[in-house]
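For reference, the structure is listed below as structure tokens.
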Amino acid sequence: MKNFDYNNKRVLMRVDFNVPLNDQHQITDDTRIKKAVPTIKTVLAGGGAVILMSHLGRPQKKLKSDGSVNVEKFTLRHIVPHLSKLLGVEVQFASNCFGAEAKSKSFLLNPGQVLLLENTRFHKEEAAGEEIFAAGLSQCGDIYINDAFGTAHRAHASTTVVAGHFKADEKGFGLLMQSEIENAEKVLNSPTRPLTAILGGAKVSDKIKLLDRLTETCQNIIVGGGMAYTFAKAKGGTIGNSLCEDDYLDLAKEILQKAKDNGVDFYLPTDTVIADDFSNDANRKVVPTGEIPDGWEGLDIGPETIKAFSDVIKKSSTILWNGPLGVFEFDNFAFGTESTAKAVAAATQKGAYSLIGGGDSVSAINKAGLSDQVSFISTGGGAMLEYLEGKTLPGIKAITG
Ligand code: AMP
């Protein structure tokens, strides 16, 4: 993006301002806004004006009883004061991202000024990737920059289709998007070995494609969290009431076989902290992972597993981590995830490269207070997963062709 001449140009920029708000519509975590600031400032410093577009929440899924969108709850107007403060520029606002107001306000901007367009998802045409809607959005800019990695896996109007209205030399990636791609490429294409992938979270089905790909590139694969119990059952274990996707038992077996054939060391939890209820205050005990009694469910990895996983992590040179190793939202079952975060941080301090792949693993690393001790934290949960699976993301393809 640095190669563009921004002087006197209107730069239409897709950002990810989908930030959490409390009941008073105050921003409770501004990470996503802060991450977009360097790209916006680069354009302003180059003499351009910036027109920002983003979604906020899922207004189409939460329509009011009369079928209209809940503007009060989902308006991006809530973001304006804080964004103005972060940029040091008074940000203007258009109450519709599409139509005459947005277009005329974009033309009236002077270099150095910023206009925020209303939530793109107020229009159902956004998610449908509707062509006329995308053409309308494109009229608000002379150059299109996509800096919203978190939505790059969606073929929506503002993330993908709009790019078709700009010539190759009129569109590009923002700095955040660029660094997300560069960091994912580092793990995919040129990892220093040994390369270790740590996968956790609730479901095997979400991550089976990534696991399959990782059996072709990693030296070590560590699996924990709810998804580990499908593997434990596939290996003949008893898992009580733990999470399990029975439809995936055969695929789990295939993955284990493929890892073996490829010489990948595949680590599953050997012991598990089980609970007699899905609650922080449930009774707890530690048992071997394949010997969980009925009425109990595995909610965290056990101490022996923590030690084994940490030893592998600390000997790794490149680490990819996606998904918590237990129900880390409950303090009594967060120990495995916290210990993993500490091991990743320790390996990074010793020189390893670590990529934390978005979503709940980011909350986990933040909760452990270690976010500044890892190499890169992705802003895109689903987008990062799909990129690492080897999919071509529509938001990226729309720029690179
Ligand atoms: P995902 O979005 O697939 O990465 O899943 C994240 C969620 O998985 C978190 O909310 C965790 O609480 C949950 N999770 C992790 N381990 C377990 C487990 N053993 N049982 C139930 N849920 C789990």
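The values are calculated or read from the model by the stated rules, or taken from the named source; none is laboratory data. Computed from a prediction, not measured in an experiment: that's the story for all the values here. Quick reminder, even Gly has a Cβ in these numbers, built from the backbone with ideal geometry, and neighbours come from all protein chains shown. Accessible surface areas use protein heavy atoms only, side chains included; no ligands, DNA or RNA. Shrake-Rupley method; radii C 1.70, N 1.55, O 1.52, S 1.80 Å.
Between residue 178 and residue 130, what length in nm is gained on full extension when 0.36 nm per residue of separation is reduced by their alpha carbon distance?
14.7 nm
How far apart, in nm, are the 7 Å Cα→Cβ label points at residue 192 and residue 280?
If labels sit at residue 192 and residue 280, their model points lie 3.9 nm apart.
For residue 362, what accessible area in Å² do you get when you roll a 1.4 Å probe over the heavy atoms of the protein chains, rounding to the nearest 10?
Accessible area, nearest 10 Å²: 30 Å².
Just to be sure I follow the definition: excluding the sites themselves, where is the longest run in the chain that has none of the GluC sites (Glu not before Pro) in a DSSP loop with at most 13 other Cβ atoms within 10 Å?
After excluding every exposed loop site, the longest remaining stretch is 217-401.
Tell me the carbon and sulfur percent of the accessible area for segment 191-389, rounded to whole percent, probe radius 1.4 Å.
47
Ordering 268, 108, 56 by accessible area with a probe of 1.4 Å, largest first, what comes out?
Sorted by accessible area, descending: 108, 268, 56.
Where in segment 297-323 does the amide nitrogen come within less than 14 Å of the point 7 Å from the Cα of residue 363, taken along Cα to Cβ?
Residues passing the 14 Å test: 323.
Starting from the Cα of residue 65, step 7 Å along the direction of its Cβ; do the same at residue 24; then give the gap between the two resulting points in nm.
Distance between the two pseudo-spin positions: 2.9 nm.
Find the accessible area per residue for segment 305-401; the probe is 1.4 Å, ligands and nucleic acids are left out, and the unit is Å².
With all protein chains present, segment 305-401 gives 36 Å² per residue.
Compare the Cα positions of 54, 91, 134 along the charge dipole of the chain (+1 at Cβ of Lys, Arg; -1 at Cβ of Asp, Glu; about the Cα centre) and return the one farthest towards the positive end.
Ranked along the dipole, the leading option is 91.
Testing the spin-label approximation: label points 7 Å from Cα along Cα→Cβ at residue 167 and residue 235. State their distance in nm.
5.9
Just the number please: accessible area per residue for segment 66-162, 1.4 Å probe, all protein chains included, in Å².
Dividing the accessible area of segment 66-162 by its residue count gives 40 Å².
Sort 276, 246, 16, 294 from largest to smallest accessible area, using a 1.4 Å probe on the heavy atoms of the protein chains.
294, 246, 276, 16
Give me the percent of accessible area attributable to carbon and sulfur for segment 10-179, probe 1.4 angstrom.
51
In what order, largest first, do 353, 229, 248 sit by accessible area if the probe radius is 1.4 Å?
Output order, biggest surface exposure first: 248, 353, 229.
Determine which residues of segment 268-310 fall in the zone a paramagnetic label at residue 350 would reach in this model, i.e. backbone nitrogen under 18 Å from the point 7 Å along Cα→Cβ.
Residues 305-310 qualify, since their backbone N sits under 18 Å from the label point.
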